[in-house]
Amino acid sequence: MSRIGYHCSHEQFAPGELLRLVQRAEDAGFQSAMCSDHYFPWSEAQGQSGFAWSWLGAALQATRLSFGVVTVPGGWRYHPAVLAQAAATLCAMFPGRFWMAPGSGEALNEHVVAERWPPKPERNARLREAVEIMRALWAGETVTHHGLLHVEDAKLSTLPPEPPQVVGPALTPETAQWLGGWADGLITTAQPREKLRAIVEAFRRGGGEGKPLFLQAQLAFARTEAEALRGAHEQWAPVSLPSTVLGDLRLPKQFEDAAKYVRPEDLPGNIRISADWERHVEWLHEDVEMGFVEINLHNVTREQDRFLDVFGEHALPALAQG
């Protein structure tokens, strides 16, 4: 049976409120959690952006859930030697409960350190180097490396009992195929079924056969279809923009401007919008059949408590029954 988890949206909720929500999610029966590591939210309407790494320590202590984080080790906000130490510390304190999804990054978050923002191929190359550096450090090696990234005499004194899974994030088949040969698993987001299937097949074709599949499933659940659609459009309209656009915009205002022409009717497919919990269960059954071992649900509306109550009482038990 796949694990059904809760996506913790730092972009939408203050850290203390988000800690309360993930504790509620655990009480409701959710089995895992994940978050993204942002410096800015995508829009002022979202309104928050707590520091994910500080929060993860508190959340792992406050619950028994496993946690993952989408983050960027490419040498802008974080050097991979520092990020390796952060991950090793969490793994040492909470063995077997932490994974990370290192990505190539968004200018929105990384430009704040005033470094050059390179094109996607170079960012991918930096990501690959960064992962090699982190894995060597988790293995106890002393690392000196001079390439796109530079490391001298780095060595971790506090090692994890086992290194975190490196789960590669991909939004396109091309990225998924590239990740297949070196990532420990794949994470992608909810998309129309044929696009989702193409990403999974590309990952397996690139060397990912037999590796675990993770899904961040964006959804909008509310009391009525109209409320769900309105909440999705108000909070998460930029999700419909191409990944090439999302990677290069620098400020929340630019995301808002780019999303001005996204209509509510453009969102279904990228966000699963329904006021019917049984419809959401149908979608999730299809995800399970595709082979996703962990599916973290991100209700993009502001109404989290009712979502947790209804899904805990109805949707999760229905999924468990098959």
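The values are calculated or read from the model by the stated rules, or taken from the named source; none is laboratory data. As the structure is a computational prediction, the values presented were derived from the model and not from experiment. In this analysis, Cβ positions are derived from the backbone assuming ideal geometry, glycine residues included, and neighbour counts consider all displayed protein chains. We work out accessible area using only protein heavy atoms, side chains counted, and drop any ligands, DNA or RNA first. Shrake-Rupley method; radii C 1.70, N 1.55, O 1.52, S 1.80 Å.
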Leu159-Glu209 FRET efficiency (beta carbon distance; Förster radius 45 Å; 0.05 resolution): 0.90
Long-range amide H partners of Ser36 with built H, under 5 Å: His10, Val70
Distant-in-sequence amide H partners of Ser66 (H built 1.01 Å from N, under 5 Å): Ala33
In the range 195-237, trypsin sites (Lys or Arg not before Pro) in a DSSP loop with at most 14 other beta-carbon atoms within 10 Å: Arg223
Nearest-10 value in Å² for the accessible area of Glu129, using the 1.4 Å probe: 30
Distance cut-off 24 Å, percentage of C-alpha pairs in the range 1-112 lying past it: 23
About the Cα centre, charge dipole magnitude for the range 173-322 (Lys/Arg +1, Asp/Glu -1 at Cβ), debye: 400
Positive-end residue of His298, Ala320, Phe255, charge dipole of the range 191-322 with Cβ unit charges: Phe255
Relative contact order (%) - the chain, alpha-carbon pairs under 8 angstrom, separation at least six: 20
Point-charge dipole on Cβ atoms (K/R +1, D/E -1) for the range 3-142, about Cα centre, debye to 20: 280
For the chain, diffusion coefficient by Stokes-Einstein and Kirkwood Rh (Cα), 10 °C, 1.306 mPa s, µm²/s: 80
Cα-only radius of gyration and Dmax that characterise the range 1-65, units Å: 11.7, 38
Separation in nanometres of the label points that stand 7 Å from Cα toward Cβ, at Glu141 and Asp27: 4.7
Cα long-axis angle, helix 15-28 against the chain (0 to 90 degrees, to the nearest 10): 60
Sulfur and carbon atoms: percent of accessible area, the chain [1.4 Å]: 51
Arg263 paired with Asp276, simple spin-label distance in nm, labels 7 Å along Cα-to-beta-carbon: 2.4
20 °C / 1.002 mPa s Stokes-Einstein diffusion coefficient of the range 153-227, Kirkwood radius on C-alpha pairs, µm²/s: 153
Ellipsoid equivalent to the range 218-322 - semi-axes via the Cα gyration tensor, in Å: 27, 16, 11
The chain, dipole about Cα centre (Lys/Arg Cβ +1, Asp/Glu Cβ -1), debye to the nearest 20: 360
Glu141, Glu106, reordered so the largest accessible area comes first (probe 1.4 Å): Glu141, Glu106
Gyration tensor (alpha-carbon) shape descriptor, the range 109-199, a/c threshold 1.5: oblate
Heavy atoms of Thr224 accessible to a 1.4 Å probe, total area in Å² rounded to 10: 60
Using alpha carbons only: equivalent-ellipsoid semi-axes of the range 279-322, gyration tensor based, whole Å: 19, 13, 8
Volume of the Cα convex hull of the range 229-283, divided per residue and given in Å³: 83
Whole-percent pair-distance distribution, where bins are 5 Å wide, for the alpha carbons of the range 68-116: 5, 20, 28, 22, 13, 8, 4, 1
The range 4-114 - percent relative contact order, Cα under 8 Å, separation 6 or more: 26
Sequence-distant residues sharing a close amide H with Tyr78 (under 5 Å, placed H): none
Antiparallel %, DSSP beta bridges [both residues in the chain], to 5: 10
